[in-house]
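**Q** Shown below is the structure under consideration.
The values are calculated or read from the model by the stated rules, or taken from the named source; none is laboratory data. Fair warning: this is a prediction, and the values are worked out from it, not measured in the lab. Glycine also receives a Cβ, built like all others from the backbone with ideal geometry; neighbour counts cover every protein chain displayed. Ligands, DNA and RNA are stripped out before the accessible areas are found, and what is left, the full protein with its side chains, is counted by its heavy atoms. Shrake-Rupley method; radii C 1.70, N 1.55, O 1.52, S 1.80 Å.
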Amino acid sequence: MYDVNSKHPDDFINHQEILETLAFAEENRHNEVLITEIIEKAKKRKGLSHREAAVLLDCDIEEKNQEIYRLAEQIKKDFYGNRIVMFAPLYLSNYCINGCTYCPYHSKNKHIARKQLSQEEIKREVIALQDMGHKRLALEAGEDPVHNTMDYYLDSINTIYSIKHKNGAIRRVNINIAATTVDNYRLLKEAGIGTYILFQETYHKESYLQLHPTGPKHDYDYHTTAMDRAMEGGIDDVGIGVLFGLDKYRYEFTGLLMHAEHLEAAFGVGPHTISVPRLRDADDIDSSSFTNGIDDDTFAKLVACIRIAVPYTGMIISTRESQKCRERVLHLGISQISGGSRTSVGGYCEPEPEDARSEQFDVIDNRTLDEVVRWLMEMDYIPSFCTACYREGRTGDRFMSLCKSGQIQNCCHPNALMTLEEYLMDYASPETKAIGDRLIDREILNVPNPKARAVVEENLRLIRENNRR
Ligand code: SAM
């Protein structure tokens, strides 16, 4: 029985409801009247139900699809402006006792080099990331209760926040680690993490059990209720996602939205972010042996439909995707991207030796952060290194209400410009800096309030004179 409020995952990610939704969407894929009605509802920018969104995802009327893409782009502009939040992953450890069949960290992989960063090594990695200009990190690790203990994570977070180096400081540490207990989530919250990220991988329970044959991650119910426990532990920013390619994308899309609906119903706040990773080749993983891969067009449609269905949820894309693909989906809804990423443990300080690789997956977009920043600005995006919301305590429902009221535009635009100028002064190549300064000068004019504009102008002048407040 579908029950959005239930604490049991079989109720809120209800298999029967997903099948009925998919049948309904399929039946209505050429239903112009219904599709038009759903698009009209979406234009109100209050989101869509999983059923409505599934109809748009299936829609095969070309003209309506173009309308969906245009609306996704417009909603993205309305809620996020042209800012793109920048971050980098930091792999702490690839020790793992799980048996995930798609991940090279699986415990049977005996030839991958297993590593765990010491606190000293974390410092070196973080300094390397700060020297690129990063201010936001996503910590990543396999699941191994002996090596990767909660104490290890807490020490690591503490180490990262305490590193002051030149003008750099990591201001937001997000974390992507295995499902855990309410008490542990509380400890992570107290340590000052930003978003707790955990991908469902697949919402299809039967596939999930097969794809995770051994280890604690095999427990579908425990994994699927992780965000409920995280929120109970006081973490109000949670990031969900599926690994596209494991099961059928229509099923995953519906499950993802039902999960978001459940969190909103149960805690009054939906997910802070949704990630859209696609399965990639990695060490002993051949992605072509998985038969549910999706092409770039389907991927773009998924991003657009998620954007329309949950307009106020950030969307993240990683370097699993090529420059070309990232460019396309940035327009359709992505609000955060990684740049200059290494997916190996210790990879920011030392390149991986060919015979002892520890990467989690092959990075497709290998450009430096400077190149990614320049590329974004050439497309008139503002790469944002801002973490002001978090420092001001605007997380969870407070962030969402700001976002839902459209107010986020007023505070974010000036902050993004000032933090971008700091980045340009401290880290950018001369070419990137010249493009960035021109962009900032144009964008100042888009600060609507004249008083606020004057303050931003004055702050930018001081930053450019290296005289920061
Ligand atoms: N240990 C954590 C957990 O139990 O969920 C996750 C950390 S893992 C470092 C981050 C994510 O990488 C996984 O959730 C999975 O979706 C993704 N991943 C694993 N293998 C992958 C592959 N071959 N290609 C792309 N992404 C992959």
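**Q** Sort the chain into rounded, prolate or oblate with this rule: let a ≥ b ≥ c be the square roots of the eigenvalues of the Cα gyration tensor; rounded if a/c is under 1.5, and if a/c is not under 1.5, prolate when a/b is larger than b/c, oblate otherwise.
**A** Cα axes put the chain in the oblate bin.
**Q** Probe radius 1.4 Å, ligands and nucleic acids left out: which of F290, F79 has the largest accessible area, and how do the rest follow?
**A** F290, F79
**Q** Please turn the phi angles of segment 365-372 into ³J(HN,Hα) values with the Karplus equation 6.51 cos²θ - 1.76 cosθ + 1.60 (θ = phi - 60°), one per residue in order, whole Hz, x for glycine and proline.
**A** Along segment 365-372, the couplings run 8, 9, 5, 6, 4, 4, 5, 5 Hz.
**Q** A further question on this structure: Can you sort Y348, Y105, Y222 by 1.4 Å-probe accessible area, starting with the largest?
**A** Y222, Y348, Y105
**Q** What percent does the relative contact order of the chain come to when contacts are Cα pairs within less than 8 Å and at least six residues apart?
**A** So the answer I get is 19 percent.
**Q** Over the heavy atoms of L71, what accessible area does a 1.4 Å probe trace out, to the nearest 10 Å²?
**A** Using a 1.4 Å probe on the heavy atoms, I get roughly 20 Å².
**Q** Right, next: Between segment 83-101 and segment 218-279, what is the C-alpha centre distance in whole Å?
**A** Between the Cα centre of segment 83-101 and that of segment 218-279, the gap is 17 Å.
**Q** Let me know the shape class of segment 129-182, please: from the alpha-carbon gyration tensor, a ≥ b ≥ c as square roots of the eigenvalues, rounded when a/c is under 1.5, otherwise prolate if a/b is greater than b/c, or oblate.
**A** It comes out prolate by the Cα gyration axes.
**Q** For labels at H15 and T101 in the simple 7 Å Cα→Cβ model, what's the distance in nm?
**A** 1.6 nm
**Q** Shifting gears a bit: Return the long-range amide H neighbours of G346 (sequence gap of 5 or more, or a different chain), with a cut-off of under 5 Å between placed amide H atoms.
**A** Answer set, sorted by chain and number: Y91.
**Q** Antiparallel as a % of all DSSP beta bridges within the chain, to the nearest 5?
**A** In the chain, approximately 10 percent of DSSP beta bridges are antiparallel ones.
**Q** Just for segment 83-216, what percent of DSSP beta bridges are antiparallel, to the closest 5?
**A** Restricted to segment 83-216, the bridges split so that about 15 percent are antiparallel.
**Q** Moving on to the next point. Run the helix sum for the chain: -39,500 (n - 2.57) per DSSP H stretch of 4+ residues, divided by residue count, reported at 222 nm to the nearest 500 deg cm²/dmol.
**A** -15000 deg cm²/dmol
**Q** Name all residues of segment 170-208 having a backbone nitrogen under 18 Å from the label point set 7 Å from the Cα of D155 along its Cα→Cβ direction, giving them as ranges.
**A** 187-188, 191-192
**Q** Suppose all protein chains stay in the model; what accessible area per residue would a 1.4 Å probe give for the chain, in Å²?
**A** It amounts to 40 Å² per residue over the chain.
**Q** Can you work out ³J(HN,Hα) from phi for every residue in segment 65-82, in order, using Karplus 6.51 cos²θ - 1.76 cosθ + 1.60 and θ = phi - 60°, giving whole Hz and x for Gly and Pro?
**A** Running phi through 6.51 cos²θ - 1.76 cosθ + 1.60 with θ = phi - 60° gives 4, 4, 5, 4, 5, 5, 5, 4, 5, 5, 4, 4, 4, 5, 8, 10, x, 10 Hz.
**Q** Can you work out the Karplus-derived ³J(HN,Hα) for every residue in segment 231-237? Use 6.51 cos²θ - 1.76 cosθ + 1.60 with θ = phi - 60°, whole Hz, and x for glycine or proline.
**A** With the stated coefficients, segment 231-237 comes to 5, 4, x, x, 7, 9, 10 Hz.
**Q** While we're on this one: Round to a whole number: what % of the accessible area of the chain belongs to carbon and sulfur, probe 1.4 Å?
**A** 50 percent
**Q** For the cross-link pairs K77/K433; K44/K77; K44/K451; K135/K166, which exceed 20 Å when the distance is taken from alpha carbon to alpha carbon?
**A** Checking Cα-Cα distances, K77/K433; K44/K451 exceed 20 Å.
**Q** Now for a different question. Using amide H atoms built in the peptide plane, which far-off residues or other-chain residues are under 5 Å from L139 H to H?
**A** L90, N174, I175, N176
**Q** Give the shape of segment 51-119 as rounded, prolate or oblate, defined through the alpha-carbon gyration tensor: a ≥ b ≥ c are the square roots of its eigenvalues, a/c under 1.5 means rounded, and otherwise the shape is prolate if a/b is larger than b/c and oblate if not.
**A** Oblate, since a/c reaches 1.5 and b/c is not below a/b.
**Q** A further question on this structure: Using amide H atoms built 1.01 Å from N in the peptide plane, name the residues 5+ places from V85, or on other chains, whose amide H lies under 5 Å from its own.
**A** For V85, whose amide H was placed from the backbone, the distant partners under 5 Å are Q336, I337, S384.
**Q** K248: which lysines have alpha carbons under 21 Å from its alpha carbon, excluding same-chain residues fewer than 8 sequence positions away?
**A** List returned: K205, K217, K301.
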